[in-house]
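Only one structure is covered here, and it is reproduced in the block below.
The values are calculated or read from the model by the stated rules, or taken from the named source; none is laboratory data. Please read these numbers as outputs of a predicted model, since none were measured by experiment. Glycine gets a Cβ as well: all are built from the backbone with ideal geometry, and neighbour counts include every protein chain shown.
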């Protein structure tokens, strides 16, 4: 078989179809849209089934903790009567140490159900460890494909740790240099092995997170008598936000605001060999968060089940120095040592809480494990070795790839809004020169969580 | 010499610069797309030879032999003096003993 870049990419649809056991054409509508809800609900996984699969696999039912000290800290900078109570869902308690186990549990279950011999996933993040752990439990082979090093053969310490963890569960780890050709390598491996593609973007990869939204809604209600006013979700590929929001709504928390949060990496190109090792966050950042929000179908499946703009009420950024600052705060004020990247939403919540009433509740919906490589010290050491300057001051003046600015006091730790309508306009750009039907407009309105008139206005 | 059956790490060029995707930033365009992978050495070999390995899933891969018995070298990094200052700031802010 011809395996040049182009010829393999030309075969991608048939390879993917075979590797996820899902015929996406079934959900396509006339025109530009597809039936998202049908795709999500057509896979035989209702919430009770998902809960059962997860609890049998040591996934879910993680502790919800009130961060009383961090709340008190945030209130120091709030007006009287302000400073929401901050709660945290300790997702590091899942098997493999992150919420990604929720996604992997369903993907691996589906692979087993369909009779695949192994699973394969393209991820440099916690998802690899999650798939590897659950594949180990199910007795399936596992290959994890990572974007790992630059042309100098230098790798992000955080990714090296994740490779170690995957190998600890018996997985094979394929490490690649910087570039979107990771997808080419993934396709080649799928074709060679006939393994199940445990993509982050299939309905299984997203439905697995619905239990997280459910637990947050129900746990907060049980503890406080009401649903939370806001949930902050670290956003990269959009799956975490989509699944959590769907779960919240399914549990009845329809008025809870869903706020996305990403680390600000503006100016760094995600496919750049030079930029790759100048960042201190390999996920949860704007370099993934924005492209995947404005064009979800850029993912490795024909129709991504991660569609964050359908659910996002607000999208905020925090800088790298602020996330490190909150990571340290979580350790020394709350006794919880957790991985930096997962604390993106915590840094945002610290600032957002100050704008909310003191009777309100804001939930930080995840934590992740920490360890060698994946920790403040090695990540700051690495940044310094790559000529990134470390300083104290106003974190909003940080220049990604050049500086990391820690807040010189807590009052300077502030989020910054990303305009939702700017994102929506970018999303709509690809449809500018297309004649749209009423059904197309409805699809776009659903995709962007606005009405048809607003869609038309944004397209002017 | 490294014995057959030793667990090793190899490196392989998957795509030369001219075989890569057209849609790349200038710096990435200039360099090859490479892969690192571990497995059991199929035949005795010397470091930097082109060798075949059998991976843990039983696949055969070929590439340049870079390392035998590869350890994990990532760590908790260097001492970062700024971390002490960071802590000081958090404690002072929180305990309010900075005479505010």
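Checked against the criterion of being closer than 20 Å to residue A:261 by Cβ, within 14 Å of another protein chain (Cβ to nearest Cβ), out of contact with any helix residue (DSSP H, G or I) (no Cβ under 9 Å at 6 or more places or on another chain) and crowded, with 23+ Cβ neighbours inside 10 Å, the candidates A:321, A:287 yield just one match: A:287. For region A:58-70, the set of residues classified as crowded, with 21+ Cβ neighbours inside 10 Å and either closer than 24 Å to residue B:90 by Cα or within 10 Å of chain B (Cβ to nearest Cβ) (or both) consists of A:67, A:70, listed by residue number.
The residues of region A:119-132 that are under 19 Å from the mean Cα position of the chain (by Cα) and within 11 Å of residue A:108 (Cα to Cα), listed by number, are A:120, A:121, A:130, A:131, A:132. In the set (1) surrounded by fewer than 21 Cβ atoms within 10 Å (Cβ to Cβ); (2) more than 23 Å from residue A:131 (Cα to Cα); (3) under 26 Å from the mean Cα position of the chain (by Cα), the condition left unmet by residue A:88 is number (1). Restricted to region B:19-50, and to residues there that are in a strand (DSSP E or B) and under 27 Å from residue A:7 (Cα atoms), the residue that is farthest from the other protein chains (Cβ to nearest Cβ) is B:50. Taking the criterion of being within 13 Å of chain B (Cβ to nearest Cβ) and more than 23 Å from the chain's Cα centre (by Cα), the residues of region A:396-433 that qualify are A:403, A:405, A:406, A:407, A:408, A:409, A:410, A:411, A:412. In the condition set (1) within 14 Å of another protein chain (Cβ to nearest Cβ); (2) surrounded by 21 or more Cβ atoms within 10 Å (Cβ to Cβ); (3) closer than 23 Å to residue B:95 by Cα, residue A:337 is compliant with all but (2). Taken together, the residues in region A:96-122 that are assigned to a loop (DSSP other than H, G, I, E, B) and surrounded by fewer than 24 Cβ atoms within 10 Å (Cβ to Cβ) amount to 4. Looking across region A:254-275, just one residue is over 22 Å from residue A:419 (Cβ atoms) and in contact with a strand residue (DSSP E or B) (Cβ under 8 Å, 6 or more places away or on another chain), and that is A:273.
Scanning region A:438-451 for residues that are under 20 Å from residue A:31 (Cα atoms) and out of contact with any helix residue (DSSP H, G or I) (no Cβ under 9 Å at 6 or more places or on another chain) turns up at least one hit.
Does at least one position in region B:60-82 carry a residue that is touching a helix residue (DSSP H, G or I) at 6+ places or on another chain (Cβ under 7 Å), under 21 Å from residue A:170 (Cβ atoms), in a loop (DSSP other than H, G, I, E, B) and within 9 Å of another protein chain (Cβ to nearest Cβ)? Yes, some residue in region B:60-82 is touching a helix residue (DSSP H, G or I) at 6+ places or on another chain (Cβ under 7 Å), under 21 Å from residue A:170 (Cβ atoms), in a loop (DSSP other than H, G, I, E, B) and within 9 Å of another protein chain (Cβ to nearest Cβ).
Within the option set A:369, A:427, being in contact with a helix residue (DSSP H, G or I) (Cβ under 8 Å, 6 or more places away or on another chain), in a loop (DSSP other than H, G, I, E, B) and in contact (Cβ under 8 Å) with a residue 60 or more places away in the chain holds for one residue only, A:369.
Residue A:131 falls short on exactly one of the conditions (1) surrounded by fewer than 24 Cβ atoms within 10 Å (Cβ to Cβ); (2) in a helix (DSSP H, G or I); (3) touching a helix residue (DSSP H, G or I) at 6+ places or on another chain (Cβ under 7 Å), and that condition is (1). A single member of A:394, A:386 is in the same structural domain as residue A:342 (by TED's automatic domain parsing) and touching a strand residue (DSSP E or B) at 6+ places or on another chain (Cβ under 9 Å), and it is A:394.
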